[in-house]
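The values are calculated or read from the model by the stated rules, or taken from the named source; none is laboratory data. Quick caveat: nothing in here was measured; it's all calculated off a predicted structure. A quick note on method: Cβ atoms are made from the backbone with ideal geometry, for glycine too, and the neighbour counts reach across all protein chains shown.
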Amino acid sequence: MSEKERLGFETCAIHTGQQPERETGAVVTPVHLTSTYVHDAPGAHRGYEYTRSGNPTRTAFEECLASLERGSRGFAFASGTQASATLMQLLKVGDHVVCCDDMYGGTHRMFEQVYTRFGLSFSYADLTDPACFDEFVRDETAMVWLESPSNPLMKLVDITAIAERARARGVLVVVDNTFLSPYFQQPLALGADLVMHSTTKYIGGHSDLVGGAVVAKNEELAERVAFLSNATGGAQSPFDAYLCLRSLKTLAVRMQAHERSATAIARYLCSHPGVKRVYYPGLPEHPQFELAMRQSSGHGGTLSFEMDADLEEICRALSRFELFTLAESLGGVESLVEHPGLMTHASMPAELRESVGIGDGLVRMSVGLETLDDLIADIDQALAG
Ligand SMILES: *Cc1c(COP(=O)(O)O)cnc(C)c1O
């Protein structure tokens, strides 16, 4: 473990991988907009040859993120989906993946509509009970894909318990850590092998980029991901890597503020007569509150709730929001509201959606950093109709 990794989270976020630039002394890591690099003699380069394989701005972000996730190395990709696709390329024809059943809709679509055509197979299990993993695991199982909290039902999986079961069978454990970010949850320390992010969300944090990342626990896995990133070409552009690096510096304070407001809004919704149920792991009423307290140091800024109304009424309520923007995505400074059934999870087959509990009444919110009283007033007027 390097000296930097023993420093605090905020210190690493602001300094790791980000020494002042040697030539000019610039304190902020420059955006290295170049595709290629000079060789001092044929074959003698200075560490970089071509930006698909490596770029100093991207390296700075990758080193910083790896230190925050306490991993061996990080990799930045053009999108969260590209990060997931690259992890699928670790597998081979015939391999099987056990996934949590309530997962990001786009990941499900990629698994089912793309990677099944390449000879992979997937099972979707309610892994809130870790024993469920044993029911679904097969001899061909090579990977388990976890999201905790899950999207949009905020179900948790006990990462340590699943990782123990997986390790005993040589199964790789991947955790999509998009919802909590390394500020609140560090899956590698809980036993995962690989962490994946959509940096579009909290890591980017300002809704101005699309990006993804992978952090590998050890050098062996890091080498395989590095090879795939270069060989299949999904690495992030230097400019987007610069934006991600810039955003990491404020991740801690943003996550604290997102959580403070999300907790207050979750409590407010619990007492609202038009709301049947609130899904937020930070509420003592959450069925896995004890696990939430043990596994992560906070619960993030995203929550869902079930409205006591029919679809038409819900659509009208969603259109009445003024401050919350009706839009997909999450994790930015501005608050967003959306209907998973009609929006983010529309690509999931209706049957599967209903069976896992993503019904017509479900609404998801990404609580931003606006003044809390203004957000509550907006929810109040939108749900009043
Ligand atoms: C958004 C998201 C993704 C996909 O990331 P993109 O950056 O949109 O490609 C994957 N997982 C989760 C949990 C997400 O929220």
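For GLU328, are the conditions met, namely being farther than 22 Å from CYS100 by Cα and surrounded by fewer than 19 Cβ atoms within 10 Å (Cβ to Cβ)? In short, no. Among the conditions (1) touching a residue at least 60 places away in the same chain (Cβ under 8 Å); (2) surrounded by 16 or more Cβ atoms within 10 Å (Cβ to Cβ); (3) within 22 Å of GLN236 (Cβ to Cβ); (4) within 16 Å of the ligand (Cβ to nearest atom), the only one that SER148 does not satisfy is (3).
Can you pull out every residue in segment 70-88 that is assigned to a loop (DSSP other than H, G, I, E, B) and either away from the ligand (no atom under 16 Å from the Cβ) or free of Cβ contacts under 8 Å to residues at least 60 places away in the same chain (or both)?
Taking segment 70-88 and keeping what is assigned to a loop (DSSP other than H, G, I, E, B), we get 70-72, 78-79.
Across segment 70-88, the qualifying residues are ARG70, GLY71, SER72.
For the subset of segment 92-113 comprising residues that are under 21 Å from the mean Cα position of the chain (by Cα) and outside any helix (DSSP H, G or I), which member is nearest to PHE77 (Cα to Cα)? Out of the qualifying residues, it is TYR104. Screening the candidates GLU5, GLU23, GLU10 for the property of being modelled with pLDDT of 95 or more, more than 18 Å from ALA235 (Cα to Cα) and acidic (Asp, Glu) yields one hit, GLU10. Among the conditions (1) out of contact with any Ser or Thr (no Cβ under 7 Å at 6 or more places or on another chain); (2) of a type in the set (A, V, I, L, M); (3) over 23 Å from THR107 (Cβ atoms), LEU323 misses just one, which is (1). Per the listing VAL337, VAL333, the residue uniquely part of a strand (DSSP E or B) and either surrounded by 14 or more Cβ atoms within 10 Å (Cβ to Cβ) or within 16 Å of the ligand (Cβ to nearest atom) (or both) is VAL337.
Could you identify the single residue in ALA189, ALA213 that is at pLDDT 95 or above, more than 13 Å from the ligand (Cβ to nearest atom) and either crowded, with 24+ Cβ neighbours inside 10 Å or of a type in the set (A, V, I, L, M) (or both)?
Working: ALA213 fails: more than 13 Å from the ligand (Cβ to nearest atom).
One residue alone meets the criteria, ALA189.
In this entry, MET343 is excluded by the filter for residues that are within 23 Å of ASP129 (Cα to Cα) and in the same structural domain as GLU259 (by TED's automatic domain parsing). Looking across segment 111-121, just one residue is among the hydrophobic types (A, V, I, L, M, F, W, C), within 16 Å of the ligand (Cβ to nearest atom) and buried (at least 19 other Cβ atoms within 10 Å of the Cβ), and that is PHE111.
Restricting attention to segment 3-33, which residues are hydroxyl-bearing (Ser, Thr, Tyr) and without any contact (Cβ under 8 Å) to a residue 40 or more places away in the chain?
So the first thing to find is which residues in segment 3-33 are hydroxyl-bearing (Ser, Thr, Tyr), and the list is 11, 16, 24, 29.
Passing the criteria: THR11, THR24.
If you go through segment 335-363 and pick out every residue that is at pLDDT 95 or above and of a type in the set (D, E, K, R), you end up with 1.
May I ask you to say which residue of VAL275, VAL195 is within 15 Å of the ligand (Cβ to nearest atom) and β-branched (Val, Ile, Thr)?
Working: VAL275 fails: within 15 Å of the ligand (Cβ to nearest atom).
The conditions single out VAL195.
If you check SER123 against the conditions, is it among the small types (Gly, Ala, Ser) and either in a helix (DSSP H, G or I) or closer than 22 Å to GLU223 by Cβ (or both)? So SER123 fails the test.
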